[in-house]
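Notes follow once the structure below has been shown.
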Amino acid sequence: YWIVDKNIDQERTKAQINEAGMWIKKGEVIAFPTETVYGLGANALDEQAVRKIFAAKGRPSDNPLIVHIAERQQLDQLVTDISPQAEKLIARFWPGPLTLIFKKKAAVAPSVTAGLDTVAVRMPDHPVASALLQAAGVPVAAPSANLSGKPSPTSAEHVRHDLDHKIAGIVDGGKTGVGLESTVLDCSGTVPVLYRPGGVTKEQIEAEIGPVALDLALHSAQETPMSPGMKYTHYAPAGTLWLVQDRSRIPELVARSKAEGKRVGVLTTIEHQADYQADLVKACGKRSSLATVAADLYESLRAFDHAEVEVIYAETFPAEGVGIAIMNRLEKAAAGRML
Ligand code: TXA
Ligand code: MG
């Protein structure tokens, strides 16, 4: 367990990151911070190493991983056919929270892509992640560093809670910034398709390359998602989560659940915190700045688990900008339960 500073120029920090990089090179699994959430990394060219990720997380083997790189030139080792649109997005958004899907090369370990002929790649925008990727010297396959089905970790403490003793090490670089996973965009076909909304918004992508298609499954329970990971119940707290569109109904809903003898939680924002009484009222950022809501969302969902709340009523957010990613994660956490 290495606690490192974001100021990676310190000698001690450098030595720790190099040590963690050595473990990855040797085929072990290491958790590390990125600007979105913590990742659980292994050498993407080493099939045995990648399998350890699936084992530690309890992740279904049909759910492919994202490969993380430190430099643009590493991409050529992993993929074929980089479209002009993809080149534009790379120039504009890398390093950053945008994952692109390409046709893969044979060097990528089979488990990384779960047997698909495409591979997802991103370049994280975090000094510790970049230094670690440099130290490892190999492309690093990394899903979010949570147990499968739990909210993604936004602090090393979350990683430790889920994976302690199951992995070779954790690089603790403090709280992550964006707080939600990267945007996933498929660039392997003729029209780019958005599989997962995230830190880079659809509006930002379209401003760069024109219209992109949406995976229909993003807004429908019937469709099978193109991105295997989107079909699993993700980000789910242990209690039953309800999204409440008209927040004035929340006090009455809380009272009803209390009358049934349940422990009840409310997910709100700083602006409305004083309007509710429940076993846990959790203010998740400021509604006036959706980026702060994104940054606190997973930590808030975990707090309900710690408080052993059985029912959670959550406010909803406007579906614009990063609000689209927030609502996507909340809808998944609620398994579509909306009032
Ligand atoms: O921000 C992030 O993306 C974080 C940090 C650690 O980088 N990683 C992350 O990984 O969220 P994970 O494994 O939790 O999510 C990866 C998503 C899944 O929904 C997976 O199905 C999808 O990307 N994916 C990966 N490769 C794919 C492929 N070849 N085709 C379609 N979807 C793919
Ligand atoms: Mg994940």
Original post:
Rounded, prolate or oblate: which fits the stretch 1-87, taking a ≥ b ≥ c as square roots of the Cα gyration tensor eigenvalues, rounded meaning a/c under 1.5, else prolate when a/b beats b/c?
Top reply: oblate
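Net charge around Gly177, counting only other residues with Cβ within less than 14 Å of its Cβ (Lys, Arg = +1; Asp, Glu = -1)? Mind showing how you got there, number by number?
Values: positive: Lys6, Lys175; negative: Glu35, Asp125, Glu181, Asp296, Glu299.
With Lys, Arg at +1 and Asp, Glu at -1, the net is -3.
For the stretch 1-146, what does the alpha-carbon gyration tensor say about shape, rounded, prolate or oblate, given a ≥ b ≥ c as the root eigenvalues, a/c under 1.5 as rounded, and a/b over b/c as prolate?
On the way: a/c = 1.84, a/b = 1.21, b/c = 1.51.
Cα axes put the stretch 1-146 in the oblate bin.
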**OP:** Express the relative contact order of the chain as a whole percentage, based on alpha carbon pairs under 8 Å and six or more residues apart in sequence.
**Re:** 19 percent
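Show me the trypsin sites (Lys or Arg not before Pro) within the stretch 1-81 that DSSP assigns to loop and that have at most 16 other Cβ atoms within 10 Å of their Cβ. It would help to have the intermediate numbers written out before the result.
Details: sites: Lys6, Arg12, Lys14, Lys25, Lys26, Arg51, Lys52, Lys57, Arg72; in loops: Lys6, Lys26.
Within the stretch 1-81, the qualifying trypsin sites (Lys or Arg not before Pro) (loop, at most 16 other Cβ atoms within 10 Å) are Lys6, Lys26.
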Subject >> 1.4 Å probe accessible area per residue over the chain, in Å² >> reply: 41 Å²
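If you take every DSSP beta bridge whose two residues both sit in the stretch 54-141, what share of them, in percent to the nearest 5, is antiparallel? Show your work: numbers first, answer last.
On the way: 8 of 11 bridges.
About 75 percent, rounded to the nearest 5.
Which pairs, out of Lys25/Lys166; Lys52/Lys105; Lys104/Lys166; Lys166/Lys282; Lys175/Lys282; Lys57/Lys175, put more than 24 Å between their alpha-carbon atoms?
Working: Lys25/Lys166 18 Å; Lys52/Lys105 22 Å; Lys104/Lys166 29 Å; Lys166/Lys282 30 Å; Lys175/Lys282 18 Å; Lys57/Lys175 21 Å.
Checking Cα-Cα distances, Lys104/Lys166; Lys166/Lys282 exceed 24 Å.
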Subject >> the stretch 62-183: C-alpha pair distances exceeding 17 Å, % >> reply: 59 percent
Original post:
Mean residue ellipticity at 222 nm from the helices of the chain, using -39,500 (n - 2.57) per DSSP H segment of n ≥ 4 over the full residue count, to the nearest 500 deg cm²/dmol?
Top reply: -9000 deg cm²/dmol
Subject >> Heavy-atom accessible surface of the stretch 256-320: percent carbon and sulfur, 1.4 Å >> reply: 46 percent
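Taking all protein chains in place and a 1.4 Å probe, what share, in percent, of the accessible surface of the stretch 69-118 do carbon and sulfur account for? Write down the numbers at each step before the final one.
Numbers: 1190 of 2220 Å².
Reported share for carbon and sulfur atoms: 54 percent.
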**OP:** Using label points projected 7 Å from each Cα along Cα→Cβ, tell me how many nm separate Thr80 and Glu320, to one decimal.
**Re:** 4.4 nm
Subject >> Around Asp279: net Lys/Arg minus Asp/Glu count, Cβ-Cβ under 11 Å >> reply: +2
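Multiplying the sequence separation of Glu47 and Glu71 by 0.36 nm and subtracting their Cα-Cα distance, what value in nm do you get? Don't skip to the answer; put the middle values down first.
Details: separation 24, 0.36 × 24 = 8.64 nm, distance 2.21 nm.
My answer for the length gained is 6.4 nm.
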**OP:** Would you mind pulling out the separation of the Cα centroids of the stretch 151-167 and the stretch 12-79, in Å?
**Re:** 15 Å
Original post:
By how many degrees, between 0 and 90 and to the nearest 10, does the Cα long axis of helix 250-259 differ from the longest principal axis of the chain?
Top reply: 80 degrees
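Say R0 is 30 Å: what FRET efficiency, to the nearest 0.05, do Met338 and Ala274 get from their beta-carbon distance? Show your work: numbers first, answer last.
Numbers: r = 25 Å, r/R0 = 0.83.
Plugging the Cβ-Cβ distance into 1/(1 + (r/R0)^6) gives 0.75.
The values are calculated or read from the model by the stated rules, or taken from the named source; none is laboratory data. Bear in mind that the values here come from a model prediction, so they are computed numbers and not experimental data. Neighbour counts are summed over all protein chains in view; Cβ atoms, including those assigned to glycine, are modelled from backbone coordinates with ideal geometry. Just so you know, the surface numbers come from the protein's heavy atoms only, side chains and all, with ligands and any DNA or RNA stripped out. Shrake-Rupley method; radii C 1.70, N 1.55, O 1.52, S 1.80 Å.
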